[in-house]
Amino acid sequence: MTSKRIIAVLTLVACGAAASPALAQSSPYPGDDPAELFGYDIEVSETDSERVAENALRAVQRAGETAEEIKMVFGATRFEFVALKPDSMKVVEPELAKRQSDVLELQAAVESSSLFYTAMRSEGVAASDVIGADLADGDSGLTSEKRVTIYLAP
């Protein structure tokens, strides 16, 4: 084999290896409802209460742990997106400033999970809006299936 052919083969292999992560994130066919494909329900709410602010604060405090946990989630029964109002954000902002690197890790985790990515995309939610997430056990009792609440910055 000539050196040009060896270089060509190595280049082809290198290009294929670099492209594989990009190809791994797939999306459903246009017109298909991702919630039906993955079997989850989606709720969207915008609330401003002390309870929601406290839950969002706890989610921000656990952002790093949740990012790791998301890697183990293979199914969800429900996604709930909670858009925080300014009054709730005032409660969360000090902690958000302290845990910025954990929140960035969480955003990367939700964007790299095809389950989370597809649910967010179907609702027009960007990963950069995510500031926290709560993962609760799903109805099936499987540890890999969750009920997910995602808190969004305004």
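Results for (1) in contact (Cβ under 8 Å) with a residue 60 or more places away in the chain; (2) surrounded by 15 or more Cβ atoms within 10 Å (Cβ to Cβ), shown as yes or no for each residue.
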{"position": "Val82", "(1), (2)": "yes, yes"}
{"position": "Ala109", "(1), (2)": "no, yes"}
{"position": "Tyr117", "(1), (2)": "yes, yes"}
{"position": "Ser128", "(1), (2)": "no, no"}
Task: Residue tally, condition assigned to a helix (DSSP H, G or I) and crowded, with 18+ Cβ neighbours inside 10 Å, over the stretch 56-76 - done: 8
Open item on the list: I need the full set of residues from the stretch 84-95 which are modelled with pLDDT of 90 or more and open to solvent by less than 10 Å² (accessible area, probe 1.4 Å), in order please.
Closed with: Leu84, Val92
- [ ] With respect to Lys98, determine if the residue is at pLDDT 90 or above and of a type in the set (D, E, K, R).
- [x] yes
Task: Residue ranges of helices (runs of 4 or more DSSP H) in the stretch 77-129 with at least 3 members within 17 Å of Arg58 (Cβ to Cβ) and in contact with a Leu (Cβ under 9 Å, 6 or more places away or on another chain) - done: 86-98
Task: the stretch 98-107, residues that are open to solvent by 50 Å² or more (accessible area, probe 1.4 Å) and either within 13 Å of Val73 (Cβ to Cβ) or of a type outside the set (Ser, Thr, Tyr) (or both) - done: Lys98, Arg99, Gln100, Leu104, Glu105
TODO: Would you check which residues across the stretch 71-97 are of a type in the set (A, V, I, L, M) and touching an Asp or Glu at 6+ places or on another chain (Cβ under 7 Å) and list them?
DONE: Ala76, Ala83
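The values are calculated or read from the model by the stated rules, or taken from the named source; none is laboratory data. Note that the structure is predicted; figures quoted are calculated from it, not measured. Cβ: placed from backbone, ideal geometry, glycine included. Neighbour counts: every protein chain shown. Protein only, heavy atoms only, side chains kept; ligands, DNA and RNA dropped before computing areas. Shrake-Rupley method; radii C 1.70, N 1.55, O 1.52, S 1.80 Å.
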